[in-house]
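Notes follow once the structure below has been shown.
Only the coordinates and a few stated rules stand behind these numbers; no lab work does. The structure presented is a predicted model; accordingly, all values stated were derived computationally and were not measured.
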Amino acid sequence: MKGPREQNLTGSMPGGDESGVARRHAPWLRLSGFALLGLCILFVGGFALFSTHVSRLSTPSNPPGADAIIVLTGGQARLDAAIGLLKSGKGKRLLISGVHPDANRDDLRAVTGGDKKLFSCCVDIDHAALDTIGNAEESAKWVRVHDYAKIILVTNNYHMPRSLLEMGRLLGNAVLDPYPVVNTRLDDGRWLQPQALRVLFTEYNKYLLALARGVVPLRPTANGLAVVSATAAPN
């Protein structure tokens, strides 16, 4: 009768193969764990830097003049700020980008209290843009048509980093002067409040996606992400 020791001479010890495989993969598992931890630290640290930067943005009291003004729709305060800049002569012409298809010139003028003559002579409306990428594409066409060299860009403070990134890719040599609109103060740690934190976290992820588009041109769609051209559509 064979004993346990003799039986194992013709076969491996129970669990031997599994333990050997585990030992071989252990360094890779540890390395993967360290890499994942490093990415998490990088992500959280980047979010803190992003939020701190946004919280320090403030609306300029007297910005230098430019050739024109571009405002990205998304709130009443943005439109009011852009119209105010146009009235004060900070730009010769204003593009309101991303206007809802059902809203016309008279609707916008009524909402902002703008002068009819000012809207007739100096305000252009873009209905085509559906997102920040579209804002950049339509704005690039407008800038090229008018041959503008310096633009004041108006949008909310939390939206400004991504807007500058997308605009800067398509506007060529045109200089962008940011004009951040601050609806809610985020300095002195106020960005840590739950509602502000949610908005900033969402915008931070969109900003990372915009950065990634510099390597692989991705664009959000109703069916997920699609690869697109990073250049503006021709006129």
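The table below lists the values:
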item: Global form of the range 82-149, assessed from the alpha-carbon gyration tensor, a/c cut-off 1.5; result: oblate
item: Amide H within-cut-off set for VAL175, under 5 Å, with H built and near neighbours excluded; result: LYS150, ILE151
item: Cross-link pairs beyond the 21 Å C-alpha cut-off, checked among LYS87/LYS116; LYS90/LYS117; LYS92/LYS141; LYS90/LYS150; LYS92/LYS206; LYS90/LYS116; result: LYS92/LYS206
item: Shape of the range 68-182, Cα gyration tensor, a/c cut at 1.5; result: rounded
item: Cα-based shape type of the range 47-101, given that a ≥ b ≥ c are square roots of the gyration tensor eigenvalues and the cut on a/c is 1.5; result: oblate
item: Inter-centroid distance (Cα atoms) of the range 152-183 relative to the range 29-66, Å; result: 17 Å
